[in-house]
Amino acid sequence: MEDTDTAMSPANEPARPEKITIIVHSGDFDKIYSAFIIGNGALAMGMEASMYFTFWGLSRLKKGALDSGPLSKMHMLGLGKWMVKRRMKKANVVSLERLAQDYKELGGKIFACDMTMDIMGITKEQLRTDLIEEYCAVGTYINEARGSTVTLFI
Amino acid sequence: MEDTDTAMSPANEPARPEKITIIVHSGDFDKIYSAFIIGNGALAMGMEASMYFTFWGLSRLKKGALDSGPLSKMHMLGLGKWMVKRRMKKANVVSLERLAQDYKELGGKIFACDMTMDIMGITKEQLRTDLIEEYCAVGTYINEARGSTVTLFI
Amino acid sequence: MEDTDTAMSPANEPARPEKITIIVHSGDFDKIYSAFIIGNGALAMGMEASMYFTFWGLSRLKKGALDSGPLSKMHMLGLGKWMVKRRMKKANVVSLERLAQDYKELGGKIFACDMTMDIMGITKEQLRTDLIEEYCAVGTYINEARGSTVTLFI
């Protein structure tokens, strides 16, 4: 893996670290699930990872909201959220809480959009301060994103 | 193609400009809001910015639709769109109109997907020609995106 | 910033191929339409293309589901799905089936997320094996994405 890596940035470059930066705008269970799976996958493969939680995504970082909060109201209707949950259990798919913990342990960074906090009236006290690295504005995102190999808006 | 590639960033190239290219597919108020916040942030930090409006995103560029058009029908239900609007006012959050004006003044480019115009039966006369730079197809997007540091689909 | 940039593809590097990698998470007709239009556009312009179908996107790759399956339940409501379909016909817009066939013929790759298959209880027998290149996990996606010029989550 590291070989392919260094091949991308030549021998004389002092290792520009590969990074993935994800904006998590959606609060849908399945989308946040995908975001963490991708983030954890990148980290496990030696990349850095940053996730910016905004709007409905940030709402999910309220205390107690990660797994027990409102599931994807809209999109889960198609398949039935309980069916999905049951199948996830059967398939040994872990909870969002576990995915988020793994993400932090692997060195992933979580940023909270402070403008969203103003708009939605969310205070730091309501948020998962154990998961959040920094409360910041769009400038922080741009700086992370411009140095990233992979950028996604979820 | 490879020639164009290497021509894009050879050792002797005088500054390949950093760019962000965003496809705005959604017509949701909150998503278009995020798109402009990101675009304006990138421009303010010296990057170039291109936004491609397609489908529901393009519908929002109809005259009079940017702020008064249909708000995010689906996703705003979760929080209540009026609550969001009131809080945005309280938090001194500007309107989409203002964000779009700032985006243009900062040098951001807005492209309209002509295929969407055909599909949705939208004419140029119905659109905000003051904001739109060009009416074009996917090839224009690909050319902008391949030269971009950050690419998003919103 | 420009220095880091140019360091990414020095003159002596043997043509790092330009690639676009798209995660297709949504099952919405309009979004999958956009994904294929972008993928085909990139291929037509000499780029490589990879699409990762997950969750509702993967559901669309069930046999018979590409065009006749559930249309975008939510988002099409805004405009009326039949109006869109009629206009698409009038505008000579091709079907998803045709777009997918073109994509394959142009050399595009389609990957199926095996975790989604477990969660949603989807078997290979139910899927369009004629379109799918490989059944794989997030690691395969990361490897494709980190070598891509353009990355999108749709």
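The values are calculated or read from the model by the stated rules, or taken from the named source; none is laboratory data. None of the values given here were measured: they were computed from a predicted structure. Neighbour counts are summed over all protein chains in view; Cβ atoms, including those assigned to glycine, are modelled from backbone coordinates with ideal geometry. For accessibility, only protein heavy atoms count, side chains too; no ligands or nucleic acids. Shrake-Rupley method; radii C 1.70, N 1.55, O 1.52, S 1.80 Å.
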Which of the residues belonging to region B:25-45 are at the interface with chain A (Cβ under 10 Å from one of its Cβ atoms) and in a loop (DSSP other than H, G, I, E, B)? B:SER26, B:ASP28, B:MET45
Inside region A:116-134, can you point out the residues that are closer than 23 Å to A:ILE37 by Cα and open to solvent by 50 Å² or more (accessible area, probe 1.4 Å)? A:THR129, A:ASP130, A:GLU133, A:GLU134
From the list A:ALA100, A:ALA112, which residue is more than 9 Å from every other protein chain (Cβ to nearest Cβ), open to solvent by less than 10 Å² (accessible area, probe 1.4 Å) and not in a helix (DSSP H, G or I)? A:ALA112
Members of region A:135-154 that are part of a loop (DSSP other than H, G, I, E, B) and open to solvent by 30 Å² or more (accessible area, probe 1.4 Å): A:ALA137
Which of the residues spanning region C:106-122 are modelled with pLDDT under 95 and not acidic (Asp, Glu)? C:MET115, C:THR116, C:MET117, C:ILE119, C:MET120, C:GLY121, C:ILE122
In region C:115-134, which residue that is part of a helix (DSSP H, G or I), of a type outside the set (A, V, I, L, M) and at the interface with another protein chain (Cβ under 10 Å from one of its Cβ atoms) is farthest from C:ILE23 (Cα to Cα)? C:ASP118
